[in-house]
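Reading through the structure tokens given below for one structure.
What follows is calculated from the coordinates using simple rules that are stated; it is not laboratory data. Model, not experiment: these values are computed from the prediction. Glycine also receives a Cβ, built like all others from the backbone with ideal geometry; neighbour counts cover every protein chain displayed.
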Amino acid sequence: MADESPKAPPPPAAPGPEAAARPAAPPAAKPDLLRAPVPSPAADRLRERFPEEVLEVSYYAGDVLVRLRKERFQEIARFLRDDPGLRFDYLSNLTAVHWPQKPKPFEIVYHLYSIGKRHRLTLKLEVQDGEEAPTACGVWPTANWHEREVFDLFGIRFTGHPDMTRILMTDEWVGHPLRKDYPLEGKPEDHVQYREVTTAEHVYTYEKASIRGFGWKKEVEKTGEGNG
Amino acid sequence: MFRTEEMDINMGPQHPSTHGVLRLKLSLEGEEITDVRPVIGYLHRGVEKLCEHRTYPMIEPLTDRLDYVAAISENLGFCGAVEKLMGVQVPPRAQHIRVVLAELQRIASHLLWLGTHALDLGAMTVFFYTFREREMILDLFEAFCGARLTYNSMRIGGLLEDLPRGWVDRVRHFVKIFPSREKEYEDLLTVNRIWMGRTKGVGILKPEDAIALGVSGPSLRGSGVDYDVRKAQPYSSYDQFPFDVPLGTNGDTYDRYVVRMEEMRQSCRIIQQALDRLPEGEVRAKVPKYIKPPAGEVYHVVESPRGEQGFHIVSTGGEMPYRMRFRSPSFVNLQALPMMCRGQLIADVVAVIGSIDIVLGDVDR
């Protein structure tokens, strides 16, 4: 997209053969058309019932994504599960995404499905680093292991979770590997400075994290604390 | 006079019938199980982290190594997710070939499951029979892409190459002989009194619990819940082939066995139809040489032999995904194990683990 500006003639020629070769669906390849809204009774119903809580509804390739405030999440979840018109009884997936530059860096993503109605909906919550997220275990018991995995790999705690322990990594592991600042290779202690705090919880300062290759800035500096 | 005390014992991670490095902490009262706590992560390789540092075509071989007994289903799901992200339309011939491959893979995976599950419960003969036919499928895959386990069989936008000469006839031959072979397994097991004694009424999973725990695939359908992604939200031209979704009634180990046996027959039916209607034409859509999907996020699900296999990709417009998440059915189905094992005997744990058909590469990622 960016290199279209220097020369005027080539860009019209470039999409030409591509569009001719694929007559069936050339418009679908354009990002703005991929983002075209699709009718979603679930999102409409949610916006009508909780107008304050729904921050944004977006669309991508037929998926409907609803960004919510996290305060009344459990109430919303229960509503989505029990409402006779929606019946999102199946939590297909729960995961998180780390955006270090954003003011609320962690995004928790819920992929819901309704076995009876056969429709899908994606929910999103945003949390601060160190802030706890509401658990979905009471509404969809399958969230139990998913939330443990999110805690293990991202370090997000869930309020009210029955067993908030690591699941994939060992219990004594330091750091949360799927954070963007966690190194891809090397021993963690080479990259990550950490110190123990009074809650017997390992907290590590991840500004020091570095990574070989992949264009990451390497700046490991020694501080007095920790054993890095 | 007598004192009863709960005892904790450890099963695995080097136990042959946990099908990999699964560790179970069992709490027992006598021989009856009061609680099971699965301990996983022994095979965690950080695939999701690795994906954030690889371009999209480089990720496909990693997907082979998640569910390594059904690699083609993973390939299909991953390629489908990237195609959805890019808005690419796959040519019909490639879609039909993908369906044939995925269904052959389903049969191969179910044969591996049947052989090992029966072996765990003491029926050794079935193992030799099922591996005979699985070998035929692996030979077909080898002829198609050169590999027998980790195929890397597809490309984003379609397939790398068209089918090799004579391959369709070999598949037709397999589909023709397979029903009689399946009858041989059924003769050994379906009305076998020992088999029924070991599996009927064992590891019952109620439909409402199965849905709440997110169980999918044959384990969910064994409980009588009609959810098959191929039917519910068809992908890759599955909507063009009529087939039945078998359902169980009791949700026990025997029902899950019956469901998988019937699924193999339905897979044969789908393969037959896909081959009969195989269109001519291209096998790969026009995709750019450097795959850079636009910024956005998708969640794409396919029906792998184990259940709903989900792929969540977050793209920021670069050539590597910003976040890649694999929703693996084995991980989620394993969560239902404690509920299914409570009140059973130790020997039944082996039957239940076999019946939910987990692959530890997929559980731990």
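Taking the convex hull of the alpha carbon atoms in region B:45-355, what volume per residue do you get, in Å³? If you can, show how the numbers build up before the last one.
Numbers: hull volume 38.4 nm³, N = 311.
Hull volume over Cα atoms, normalised by residue count, gives 123 Å³.
Listed highest first by mean packing, meaning other Cβ atoms within 10 Å per residue, what order do B:103-112, B:215-224, A:146-155 come in? Intermediate results must be reported in sequence, preceding the final value.
Working: B:103-112: 25.4, B:215-224: 28.4, A:146-155: 23.4.
So the order, starting with the most tightly packed, is B:215-224, B:103-112, A:146-155.
Using alpha-carbon pairs under 8 Å, 6+ residues apart, how would you state the relative contact order of region A:35-173 in percent? Before the final figure, lay out each step's value.
Working: 257 pairs, mean separation 25.4, N = 139.
After rounding, I find 18 percent.
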Next on the checklist: Quick check on region A:57-176: of the DSSP beta bridges with both residues there, what percent are antiparallel, nearest 5%?
Outcome noted: 75
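Anything over 19 Å Cα to Cα? Flag those among A:Lys124/B:Lys206; A:Lys104/A:Lys180; A:Lys102/A:Lys180; A:Lys124/B:Lys292, in the order listed.
On the way: A:Lys124/B:Lys206 30 Å; A:Lys104/A:Lys180 14 Å; A:Lys102/A:Lys180 13 Å; A:Lys124/B:Lys292 25 Å.
Exceeds cut-off: A:Lys124/B:Lys206; A:Lys124/B:Lys292.
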Next on the checklist: Only Cα pairs within less than 10 Å get springs; with that Gaussian network setup on chain B, which residue of B:Val21, B:Val126, B:Val39 has the largest fluctuation?
Outcome noted: B:Val39
Checklist entry - Along the principal axes of its C-alpha atoms, what lengths does the protein assembly as shown span, in descending order and rounded to whole Å? => result 75, 73, 50
Item to check | Relative contact order of chain B, defined on C-alpha pairs under 8 angstrom at six or more residues apart (%) | outcome: 27
Checklist entry - Taking other Cβ within 10 Å of each residue's Cβ, how do B:Lys176, B:Lys84 sort, fewest first? => result B:Lys176, B:Lys84
Checklist entry - Expressed in nm to one decimal, what extension gain is obtained for the pair B:Lys206 and B:Ala295 from 0.36 nm per residue of sequence separation less their Cα-Cα distance? => result 27.9 nm
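Averaged over peptide B:52-62, how many Cβ atoms belonging to another chain are found within 10 Å of each residue's Cβ?
On the way: counts 5, 6, 0, 0, 0, 0, 0, 0, 0, 0, 0.
Going residue by residue through B:52-62 and averaging, the value is 1.
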Item to check | 9 Å beta-carbon shell around B:Ile40, net charge (K/R +1, D/E -1) | outcome: 0
Checklist outcome for this item: Note, B:Met339: beta-carbon cut-off 14 Å, +1 each Lys/Arg, -1 each Asp/Glu, net -2
Checklist entry - Reachable aspartates and glutamates from B:Lys289, Cα under 15 Å, same-chain residues fewer than 8 places away excluded? => result A:Glu18, B:Glu83, B:Glu319
Checklist outcome for this item: One finds the C-alpha centres of region B:1-23 and region A:141-167 to be spaced, in Å, by 25
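Taking Rh as the Kirkwood radius computed over C-alpha pairs, what is the Stokes-Einstein D of region A:35-173 at 20 °C in a medium of viscosity 1.002 mPa s, expressed in µm² per second?
Working: Rh = 15.5 Å.
Result for D is 139 µm²/s.
Rounded to two decimal places and with Rh computed the Kirkwood way over Cα pairs, what is Rg over Rh for region B:17-73? List each step's numbers first, then the result.
On the way: Rg = 16.8 Å, Rh = 14.1 Å.
Rg/Rh for region B:17-73 comes to 1.19.
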Next on the checklist: Based on C-alpha coordinates, I'd like the Rg and Dmax of region B:193-319, in Å.
Outcome noted: 18.7, 59
Checklist entry - Excluding same-chain residues fewer than 8 positions from B:Lys200, which aspartates and glutamates have a Cα within less than 16 Å of its Cα? => result B:Asp120, B:Glu186, B:Asp252, B:Asp255, B:Asp348
Item to check | Inter-chain shielding of A:91-99 (mean C-beta neighbours from other protein chains, 10 Å cut-off) | outcome: 6
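By Kyte-Doolittle mean hydropathy of at least 1.0 and Cα axial length of at least 30 Å, which whole DSSP H helices of chain B are selected? Don't skip to the end; give the middle numbers.
Numbers: long enough: B:92-120 (42 Å, 0.20); B:124-145 (32 Å, 0.58); B:167-189 (32 Å, -0.71); B:253-276 (35 Å, -0.72).
What comes out of the filter, once short or polar helices are dropped, is none.
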Checklist entry - Using only helices, what value at 222 nm comes out for chain B when you add -39,500 (n - 2.57) per DSSP H run of length 4 or more and divide by the total residues, to the nearest 500 deg cm²/dmol? => result -15000 deg cm²/dmol
